[in-house]
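Participant: Take this structure, written in structure tokens, and hold onto it; I'll ask about it next.
The values are calculated or read from the model by the stated rules, or taken from the named source; none is laboratory data. Since we're looking at a predicted model, the values are computed, not measured. Cβ placement follows ideal geometry from the backbone for every residue including glycine, while neighbour counts extend to all protein chains displayed. All accessible areas refer to the heavy atoms of the entire protein, side chains included, with ligands and DNA or RNA removed. Shrake-Rupley method; radii C 1.70, N 1.55, O 1.52, S 1.80 Å.
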Amino acid sequence: MNPVVQLLQNLGCDLTVIPTNDYECAVLIMKFIAAFGLVWLCCKFLLLLTRTMLGGRW
């Protein structure tokens, strides 16, 4: 399985399910946006932490 799909599935966004109505589609979109937002915030924090450590400022 693709690591990105597996990560999203672990975060609660199962992209293998086919939505049957508009409500399920909207919920899936919201879960997808929330999961990628969480991944983006984690990456941003790690980049900031790495930049701070490499810059010599603790």
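Participant: What is the calculated FRET efficiency for Asp22 to Asn2, with r their C-beta to C-beta distance and R₀ = 30 Å, to the nearest 0.05?
Facilitator: The pair Asp22/Asn2 has a calculated efficiency of 0.65.
Participant: Additional query: Rolling a 1.4 angstrom probe over the protein heavy atoms, how many square angstrom per residue are accessible across the chain?
Facilitator: Heavy-atom accessible area per residue stands at 86 Å².
Participant: Show me, for region 24-30, the HN-Hα J-couplings you get by feeding each phi into the Karplus relation (A = 6.51, B = -1.76, C = 1.60, θ = phi - 60°), rounded to Hz, glycine and proline as x.
Facilitator: Each residue's phi maps through the Karplus curve to give 4, 5, 5, 5, 5, 5, 5 Hz.
Participant: Are there trypsin sites (Lys or Arg not before Pro) in the chain that DSSP puts in a loop and that have at most 14 other Cβ atoms within 10 Å, and which ones?
Facilitator: Passing both the DSSP loop test and the Cβ count: Arg57.
Participant: Something else now. Considering only protein heavy atoms and a probe of 1.4 Å, how much of the accessible area of the chain is carbon and sulfur, as a whole percent?
Facilitator: That fraction is 71 percent.
Participant: Largest first, what is the accessible-area ranking of Ile33, Ile18 with a 1.4 Å probe?
Facilitator: Output order, biggest surface exposure first: Ile18, Ile33.
Participant: Given the rule -39500 (n - 2.57) for each run of at least 4 DSSP H residues, summed and divided by the residues of the chain, what is its mean residue ellipticity at 222 nm, to the nearest 500 deg cm²/dmol? Before the final figure, lay out the partial values.
Facilitator: Details: 2 runs with 42 residues, N = 58.
When only DSSP H runs of four or more count, the value is -25000 deg cm²/dmol.
Participant: For log10 I(q)/I(0) by the Debye sum over Cα atoms at q = 0.14, 0.18, 0.24, 0.31 Å⁻¹, which listed value, (i) -0.58, -0.78, -0.96, -1.08; (ii) -0.47, -0.67, -0.97, -1.28; (iii) -0.51, -0.68, -0.92, -1.17, comes from the coordinates shown?
Facilitator: (iii)
Participant: Would you give the gap between the C-alpha center of region 5-24 and the C-alpha center of region 26-54, rounded to a whole Å?
Facilitator: 18 Å
Participant: Which FRET efficiency, nearest 0.05, do Leu49 and Leu11 yield, Cβ-Cβ r, R0 25 Å?
Facilitator: 0.75
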